[in-house]
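Have a look at the structure below, then the notes.
The values are calculated or read from the model by the stated rules, or taken from the named source; none is laboratory data. What you are looking at is a predicted structure, and each value in this text was computed from that prediction instead of being measured. Here the Cβ positions follow ideal geometry from the backbone for every residue, glycine too, while neighbour counts run over all protein chains shown.
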Amino acid sequence: MGGWAEEDAVFCDQLAKTTGAVVVSIHYRYAPKFSFPAAHDDVDATIRYLQAHAEEQFGADPTLMTMSGFSAGGNLALAAAQTENCRPSAATSIKACATFFAVTDLRLKPHEKPRPKTFPKKDPMAAVFAPLLDAYPAPVRGANMDNPRMSPILASIDRLPENMFVFVAGVDILVHEQTAFVERVKADLAKEPGQTASGRKVEMGFDEKGFHGYLNLPDMIIPHERKQKAFGPAVRFIKDVHVKHGFLWQ
C-alpha cells in the first residue's frame, strides 16, 4: 500500500558492498487503487527484463539472481520465485531469497492473524492503517484462497527458492505465519532426502523485541548495530549462495 524503492537503501548498500552483487530496488503499483495481482505482475515484469538485459546493461549474471523483500516485499519475492522461469528447476531460477517480516499468508485478514503474547493489547498503528492493511488482497481473496502466489505458505517446495533466509520480528502479527512457513518447508524437505542432499537451506533469524518495519527506521531510533543483527546474517547467507554457484567477491 506504499513505500518507495530507496526505503531499503541501507540493506541494499551493504549487500552490494559485501557480495559484489548488482542490487536493483524496485517499486510497484499500490493498493487500494490496484489489487492482487498488480504488484506481483510488476515484479515479474522487472525480473523478465533483468534476465534479458542485466548482462549487457550492468555486467551482471542473470542466472545468479537472488531476491529480498521487507513486509509486502517479502511476499512479492517469494511469489516471484514461483514463476516458471524462476523455479529451482530453471537455469534462471531465483537462487536465494532473504525476507524480513514477510507476509506469507493473505488468506487471513489482518485482525484474524494470531497475536504473539508480547503484542500490545492496543496496537498504536491500527487506527491509522487498519482500513488499508487489507486493501490489496481483499477484493479478490475469495477467488485466490488456494493461490500460492498470493499466500506463499501454500507453495510446494519445488516452486520455492532453493535457499531461503526468513527474518522474524517477535512483536508482529506475522510471527505465526512466518514460523509456520519455515517449519512446513523444513518438514517437506526432510521428507525428500534428495532435496536436502542437494544443499537446499532454510534459515530463520529472530528478534524477540523487534516490531514490524523497525529495520527501516532511522539509526537515531533503531541503532545501526541492532539492524546488523538482521542484515548481517542475511547478507552472509546470500554471499554463501553466490560462492556455492561459483562467484566469490574479494
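Overview of results
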| item | result |
| --- | --- |
| Positions within segment 124-144 being of a type in the set (A, V, I, L, M, F, W, C) and at pLDDT below 80, in sequence order | MET125, ALA126, ALA127, VAL128, PHE129, ALA130 |
| Pick from segment 8-40, criterion polar (S, T, N, Q) and over 21 Å from ALA79 (Cα atoms), ranking: surrounded by the fewest Cβ atoms within 10 Å (Cβ to Cβ) | THR18 |
| Qualifying residue in segment 135-152 (condition: touching a residue at least 40 places away in the same chain (Cβ under 8 Å), small (Gly, Ala, Ser) and outside any loop (DSSP other than H, G, I, E, B)) | yes |
| Inter-residue pairs, beta-carbon under 8 Å, first on the phi > 0 side of the Ramachandran plot and touching a residue at least 40 places away in the same chain (Cβ under 8 Å) and in segment 206-224, second part of a strand (DSSP E or B) and surrounded by 11 or more Cβ atoms within 10 Å (Cβ to Cβ), 6+ apart | GLY213/PHE70 |
| Residue in segment 12-27 that is under 14 Å from the mean Cα position of the chain (by Cα) and among the β-branched types (Val, Ile, Thr) present | yes |
| Residue among THR66, THR99, THR46, THR104 that is modelled with pLDDT of 95 or more, within 27 Å of GLU177 (Cβ to Cβ), among the hydroxyl-bearing types (Ser, Thr, Tyr) and surrounded by fewer than 22 Cβ atoms within 10 Å (Cβ to Cβ) | THR46 |
| Any hit, segment 178-188, residues being surrounded by 19 or more Cβ atoms within 10 Å (Cβ to Cβ), aliphatic (A, V, I, L, M) and over 14 Å from the mean Cα position of the chain (by Cα) | yes |
